[in-house]
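As C-alpha cells, the structure follows; a few thoughts come after it.
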Amino acid sequence: SMELIKRETEKESLNLPLNLLNYSPESYKVGPGDVLFIYVYGETERLSAALARGAAINPVFEKIVRDDGTIFYPNAGILKVSGKTVEEIRLMLTNSLSSVLNNPQIDVSVTEFKSQKIIVSGNFKRSGTIPVTSVPVTLTEIIANADPYGENGQRPLGDLTSVKFSRDGYTYDVDYEYLSRNSQIQNYIYLKDGDIIHLPDNSENQVHVIGEASNPISIDLTRETIPLSIALGKAKGLNQSTARGKDVYILR
C-alpha cells in the first residue's frame, strides 16, 4: 500500500498531509471498558469438577476491563491488560495458570469494543461514534457508511470538498469529492482512536446565475468549481430577447 501511496502522490497534487498517509494501524490494544472472552481448554475442561488450590475452575469467563486497566482472573490474580494485545494477554494468562494447570490452552478474544472510538459529525445522514476494533477501518469506509449523499443519493447534505479530519490536535481539510474521482489513496487512509470526521454544511456553497437568463437560478456546488457553460446551462441559457450575449460578467 505504501507503493500505491507513493505512486498516487507523484501522479497528481492530491493535497493530503503526510501525517494522514503515513499512519499504519497496529494490532488492537485492549483498553478500559472492553469486554474480554476467556476460554481455558484442555485440563480445565476435562477436570472442571476438580479443585485447584481449593476452588473449582470455571473454564469460561467474560471480563470487563476495569477503569485502572486490569481484570481479575481466578488463580491468576489481578492482571494489567490495558495497552496489550489479545495475544499478549493470552500469554500472561498461560504463564499465570501454569502453576495450577498442566499445559493450559487458553483463548482470548474481545467481544465488545468500547475503549476506543472514532467520531463522525456534521451533515452525514448517520453521525455518531464508531468503535475502533481489531479490523482497521479506512476513511472511505467511514464516509460511505455515514452516508453523505442523502435520500437515494440525490440530495447532498454536506460539503464533501472540505471534509474536516481532526487528529492529534490538528484539523485538516480533505477534498474527498476530488479524491473519489481521481485517486484510490483515500482507501489507504486508516483511522485511529480519537479521530473526528466532520462534514460541514454546504448550503452557502452556491453559484448564482442572475440577470437576463432564461431561468435565473442558485446552483449548489458539489465540487470546488464548475464550468461557466454548466452554470448557464442550468439557467437554461441566456434570454434571447433581452440578454446581451457579449456582456456576461462573473462576479467573484
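The table that follows gives values for the structure above.
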read-out	value
Strands (runs of 3 or more DSSP E) (entirely within segment 70-158) containing at least 2 residues that are open to solvent by 80 Å² or more (accessible area, probe 1.4 Å) and among the polar types (S, T, N, Q)	none
Qualifying residue in segment 218-236 (condition: modelled with pLDDT of 60 or more and within 13 Å of residue 122 (Cβ to Cβ))	no
Selection count, segment 161-198, where residues are in contact (Cβ under 8 Å) with a residue 12 or more places away in the chain, open to solvent by 20 Å² or more (accessible area, probe 1.4 Å), not in a strand (DSSP E or B) and not polar (S, T, N, Q)	8
Index of the failed condition, residue 76 passing every other in (1) in contact with a helix residue (DSSP H, G or I) (Cβ under 7 Å, 6 or more places away or on another chain); (2) of a type in the set (Gly, Ala, Ser); (3) closer than 20 Å to residue 136 by Cα	(3)
Residue under evaluation residue 11, criteria (1) open to solvent by 80 Å² or more (accessible area, probe 1.4 Å); (2) at pLDDT 90 or above, criterion not met	(2)
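The values are calculated or read from the model by the stated rules, or taken from the named source; none is laboratory data. Keep in mind that what you see is a predicted model, and the values were worked out from it rather than measured. All Cβ positions, glycine included, derive from the backbone under ideal geometry; neighbour counts span all protein chains shown. Ligands, DNA and RNA are excluded from the accessible area calculation, which covers all protein heavy atoms including side chains. Shrake-Rupley method; radii C 1.70, N 1.55, O 1.52, S 1.80 Å.
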